[in-house]
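The structure under discussion appears below in the form of structure tokens.
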Amino acid sequence: MRSIPLQAGILALLQIVDGLLPFSTTKTRHYLFPASPLRMGGYDATVGTNPSTPIQFFTTPGNTCPYAARTFIVLKELDLPFDMTEVSGRPKPDWYLKINPRGKVPAIRVPALENEVIYESAICCEFLCDHAPASIGAPTTLLPDDSVSRARIRLLNDHCDNVFTKTQFTFLMNKDEVKDRELSLEMENALLVYEEALKRSGGPFMMGKQFTLADVHLLPFILRLKVSLYHFKNYELSLEKFPKFLAWYDLCSQRESVKEASLTEEKIIEIYEMFTKMDYSFGGLNRNK
Ligand SMILES: N[C@@H](CCC(=O)N[C@@H](CS)C(=O)NCC(=O)O)C(=O)O
């Protein structure tokens, strides 16, 4: 079963209701995918698991975290049934620190594997790709078997986390207009690695014909980049410099998994408004390092 509009509707409704709640203490809510009204909210993830839940996915309220969005996209692409627990608060509450001592989302917990917990988005995504065929015979894979492809995917993803995202946030957060051009060029240089990867693979995806973890890893950040840099810096990636990359982004954005992991432009602006107003350096909001 792929996308289920009803689930998205229920999710949206619950988020609206949640937004109206007058308190901001730790919230834990559960959504079951595929949806089952009988099981929704049937247990408390702060104290334990439900053995009938195949995978528990921990994320931010509204699934706004771009790292968690990667894991969400993989769960959807592989058609894995899961439930979703939203964890709020900074630093994270004690019950969550027992699940992920780093206090970050995403994390996943697998009741059928003696409540094994996995965290760090890249490791969650790889685990799901390895685990899915064995557990429920997932129809597709996002992580090819051959060692060269796997190494290339990991190198692209390492570049995303250790080079690209930092340049994106440094440009977005810069308050000295004189430096904007230089910082945008640094970000573009980091992004050219992906334009090159698409040329090398022949596209339309990073690794060629197959949508893989290399695409998943980057997508949530490009969505946020496009909206936030246009809004705050009046900046757009140029078609001349990034023809393949922009075509890649348009194609990926049409996938149901990616649409479901997306945020509205208003939500993205609201989130980054908060960042731009504070003296923020990359990774600076993480209190549980
Ligand atoms: N390297 C981590 C980064 C995850 C991360 O930074 N998540 C943020 C939310 S977007 C978080 O949970 N921060 C902890 C906090 O805000 O207290 C990963 O890839 O999973």
**Asked** Being touching a residue at least 40 places away in the same chain (Cβ under 8 Å), surrounded by fewer than 17 Cβ atoms within 10 Å (Cβ to Cβ) and among the hydroxyl-bearing types (Ser, Thr, Tyr), is that true of even one residue in the stretch 36-47?
**Response** yes
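If a residue has to be within 16 Å of the ligand (Cβ to nearest atom) and among the acidic types (Asp, Glu) to count, how many in the stretch 126-136 make the cut? Even if it seems obvious, please write down each step before you answer.
Looking only at the stretch 126-136, we keep the residues that are within 16 Å of the ligand (Cβ to nearest atom), and these are 126-129.
Within this subset, residues satisfying the condition of being among the acidic types (Asp, Glu) are 126.
The qualifying residues number 1.
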**Request:** Mind checking which strands (runs of 3 or more DSSP E) fall wholly inside the stretch 82-126 and carry at least 1 residues that are of a type in the set (Ser, Thr, Tyr)?
**Result:** 82-86, 116-119
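Would you mind stating whether Glu182 is within 15 Å of Leu246 (Cα to Cα), out of contact with any helix residue (DSSP H, G or I) (no Cβ under 7 Å at 6 or more places or on another chain) and surrounded by fewer than 17 Cβ atoms within 10 Å (Cβ to Cβ)? Outline the logic, then answer.
Numbers: within 15 Å of Leu246 (Cα to Cα): no; out of contact with any helix residue (DSSP H, G or I) (no Cβ under 7 Å at 6 or more places or on another chain): yes; surrounded by fewer than 17 Cβ atoms within 10 Å (Cβ to Cβ): yes.
No; evaluated as a whole, the condition is false for this residue.
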**Prompt:** Given the conditions (1) more than 16 Å from the ligand (Cβ to nearest atom); (2) closer than 22 Å to Thr60 by Cβ; (3) part of a loop (DSSP other than H, G, I, E, B), which single one is not true for Lys226?
**Reply:** (3)
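Quick grid of which residues meet (1) surrounded by fewer than 21 Cβ atoms within 10 Å (Cβ to Cβ); (2) free of Cβ contacts under 8 Å to residues at least 60 places away in the same chain:
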residue: Ser149; (1), (2): yes, no
residue: Ala197; (1), (2): no, yes
residue: Phe232; (1), (2): yes, no
residue: Ser238; (1), (2): yes, yes
**Prompt:** For the stretch 75-125, which residues satisfy the criterion of being among the hydroxyl-bearing types (Ser, Thr, Tyr) and within 8 Å of the ligand (Cβ to nearest atom)?
**Reply:** Tyr119, Ser121
**Message:** Just to be sure before I move on: is Phe169 in contact with a Phe, Trp or Tyr (Cβ under 6 Å, 6 or more places away or on another chain), assigned to a helix (DSSP H, G or I) and under 26 Å from Glu265 (Cβ atoms) in the structure I sent?
**Reply:** yes
**Message:** Please determine whether any residue of the stretch 228-236 is among the basic types (Lys, Arg), over 17 Å from Asn157 (Cα atoms) and in the same structural domain as Ser253 (by TED's automatic domain parsing).
**Reply:** yes
**Complete:** Listed by first then second residue, the pairs whose first member lies in the stretch 97-112 and is without any contact (Cβ under 8 Å) to a residue 60 or more places away in the chain and within 14 Å of Thr60 (Cα to Cα), whose partner is polar (S, T, N, Q) and more than 10 Å from the ligand (Cβ to nearest atom), with beta carbons under 9 Å and at least 6 positions apart or on separate chains, are Ala107/Gln56; Ile108/Gln56
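The values are calculated or read from the model by the stated rules, or taken from the named source; none is laboratory data. Just so you know, these numbers come straight off a predicted model, no measurement behind them. Every residue, glycine as well, gets a Cβ built from its backbone with ideal geometry; the counts of neighbours run over all protein chains shown.
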